[in-house]
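This report concerns only the one structure given below.
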Amino acid sequence: MSKTYPPPSAAIDPDSSRSWLRRAWPLVRAHRWMFGTALVMSGASLLVSVQVPKLIQDAVDHSIVSDEVPLSHYLWWLIGLTVVMLAVGYLSKQILFRAAARIEYDLRNIVYEHLTGLSFSFYDRVQTGQLISRANSDIRAVQMYLAFAPYLLVQCGISLVAFAYMLAIDVPLAVLAMLPMPLLFVATRRMQRSMFPVSWLIQARLADVATVVDENVNGVRVVKSFAAERSQLALLQKAATSVRWAHVKDADLRARWTPVVQNLPRVGMAIVLLYGGHLVIEGDMGIGSILAFNAYLLMLQVPFQVFGNLIMLGQRSSAAAKRLYELLDERPEIVDAPHARELTGARGDVRFHDVTFGYGDGPDVLKGFSLRLRHGETVALVGPTGSGKSTVARLLPRFYDVREGSVTVDGHDVRELSLRSLRDTVGIVLDEPFLFSASVRDNIAYGRPDADITDIERVARLAGAHEFITELSEGYDTVIGERGYTLSGGQRQRIAIARTLLVNPPVLVLDDATSAIDVQVEQEIHAGLRTLFADRTTLIIAHRPSTIGLADRVVLLDGGRIVADGTHQELLASTPLYADVLAQADEQVEEVGSVGR
Ligand code: ADP
């Protein structure tokens, strides 16, 4: 049994009119105890650290300048405080990083869960490489802010305490020492403002690189078969050059601004030494005080820079969050109707009523398409490439919704049925099936993970796959390579047929699903296929006369309309286009020859 993992602890607020932080708030709230503890502890550790300069001041003034208290007294205190600081600091970081990891887990789950729910039309539109690379870096950016912004704010808050101590030592000196701080803040902001667009550019260009790499890896067989490695490499180099340009620009800006930002605080120290030194010489201030003062000033610098960082992080995360929300606000087009009906024990009476359909905003692909498949009937759908055959197949399990007309199963409009029950009822096998990098057994059992091996073997036999599976090195336990590429096209198709059969759907759609199976092998499995089709409604999209021969009836499609309907013999006699389509298919079969087997 597979292990179960906890669901995300919260959801993103769906109200898109709210600010990004408000929408993300439930995620932080879900871990409020962890965050609260981490913040209180880090605040405590910082408060302790603020005591250290005071201790040094006292040590210098009372043990070194005058000999009132033994130095070891302060030393023990210093050691004690350091231990407390280390321990509390360690614990607070531990908890904070844990909480951050949880937020990341939640965000990843939320995004992935949402992606799996989106409809085909969404995946038709987006580039998956871009999508994944962007989602990954966006999740990071949002998580960083949510988890670390409060922590940075606490750090900034502590600077106020440090400043208060400075004021307590000497008001004019404190004010003077602070003079360069606003400048530091302005410089940091300007630095970030000029660097922000560049960091943005880097992200976008990295996503471009990811797309090229993704296409190259996924399309490696095409690339190699056209010996196009060089031109693909050139594409990658072009994308990588853009990334390099952006990185160089980034480094340039960094080099220009960092020295300014790092050295401005030293001006403050110079002022302290100059004016404070004068006060000490005049005897108006102790040496310990000036030492402590300098230490506070050092503490103050950090928040001024951190605050700038916080603003930049905020901008970045806000942009990242907006992109994530755009994805999360993307509503799946195909969803269950409010009171969707569960279709159980369907007979499999399928009708297309005057269907008009096109993809997205594109032109109509099917126009006034009407077809009836009676219970138990096997119908072959034949037509020239692009005539809309696969489109018909995709409408039946409701991968897309029709523009006009309707598709019904047992008299129920597919839009009124629950997707789950509809897809249990309608099994579809595609011509280029996707297999997972898992064992053959798990691939076949994909739709029914609890199936036992006898069932798996039975469907594999029917699909003509049992024999070659047993010849694999580890039989049904053989793990197949990515997308099943260690198997031939025909073998993959047979596993895909077995996978769908195991679910035993009353309606079966085979979209060119036997196209890569050797004609002879197909003949051998015809007996099996006939048994398969016997008691269910089957729509086969095919070109080979042998496959078409399995059907009771043939429907000829051209330009999204049915132009002929009858038996194979009738169509051969009456419709010249039918013979043309078959002849073309024959040529193609000869052309591709051994490729698919
Ligand atoms: P066939 O299976 O007969 O070759 P299809 O049903 O695949 O034809 O395609 C019919 C038409 O629909 C073609 O013009 C094709 O370009 C278009 N089409 C197919 N799939 C999509 C899609 N996902 N997005 C947009 N257009 C598509």
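The numbers here are math on the coordinates, done by the rules we state, and not lab data. This structure is a prediction, so every number in the text was calculated from the model and none was measured. Note that each Cβ is placed from the backbone with ideal geometry, even for glycine, and that neighbours are counted across all protein chains shown.
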(request) Considering only residues that are within 8 Å of the ligand (Cβ to nearest atom) and of a type outside the set (S, T, N, Q), look in segment 385-403 and name the one that is nearest to Leu417 (Cα to Cα). (result) Arg394
(request) Scan segment 68-100 for residues that are surrounded by 12 or more Cβ atoms within 10 Å (Cβ to Cβ), in contact with a Ser or Thr (Cβ under 7 Å, 6 or more places away or on another chain) and without any contact (Cβ under 8 Å) to a residue 40 or more places away in the chain and jot them down. (result) Val69, Leu71, Tyr74
(request) List every residue pair whose Cβ atoms sit under 6 Å apart, with the two residues 6 or more apart in sequence or on different chains, where the first one lies in segment 412-438 and is of a type in the set (Lys, Arg) and the second, anywhere, is not in a helix (DSSP H, G or I). (result) Arg423/Pro397
(request) Kindly provide the set of residues from segment 348-378 that are within 15 Å of the ligand (Cβ to nearest atom), part of a strand (DSSP E or B) and of a type outside the set (D, E, K, R), ordered by number. (result) Phe352, Val355, Thr356, Phe357, Leu366, Phe369, Leu371
(request) Can you give me the ranges of the helices (runs of 4 or more DSSP H) entirely in segment 194-301 with at least 1 residues that are of a type in the set (Ser, Thr, Tyr) and farther than 30 Å from Pro182 by Cα? (result) 220-225, 229-271
(message) Going through Ser406, Ser421 one at a time, which residue ends up being in a helix (DSSP H, G or I) and either out of contact with any helix residue (DSSP H, G or I) (no Cβ under 7 Å at 6 or more places or on another chain) or near the ligand (Cβ under 10 Å from one of its atoms) (or both)?
(response) Ser421
(request) Quick one: which residue in Leu435, Leu472 is more than 27 Å from the chain's Cα centre (by Cα) and within 20 Å of Ile525 (Cβ to Cβ)? (result) Leu472
(message) Can you pull out every residue in segment 93-120 that is within 16 Å of the ligand (Cβ to nearest atom) and touching a Pro at 6+ places or on another chain (Cβ under 9 Å)?
(response) Leu118, Ser119
(request) Consider Val382 carefully, then state whether it is out of contact with any His (no Cβ under 9 Å at 6 or more places or on another chain), within 20 Å of Leu557 (Cβ to Cβ) and within 16 Å of the ligand (Cβ to nearest atom). (result) no
(request) Quick one: in segment 438-458, of everything that is in a helix (DSSP H, G or I) and among the polar types (S, T, N, Q), which residue is surrounded by the fewest Cβ atoms within 10 Å (Cβ to Cβ)? (result) Thr454
(request) Scan Thr538, Thr547 and give me the residue that is touching a residue at least 12 places away in the same chain (Cβ under 8 Å), of a type in the set (Ser, Thr, Tyr), buried (at least 18 other Cβ atoms within 10 Å of the Cβ) and more than 16 Å from the ligand (Cβ to nearest atom). (result) Thr538
(message) Considering only residues that are touching a residue at least 12 places away in the same chain (Cβ under 8 Å) and of a type outside the set (Phe, Trp, Tyr), which ones fall in segment 22-39?
(response) Arg23, Ala24, Pro26, Leu27, Val28, Arg29, Ala30, His31, Met34, Thr37, Ala38, Leu39
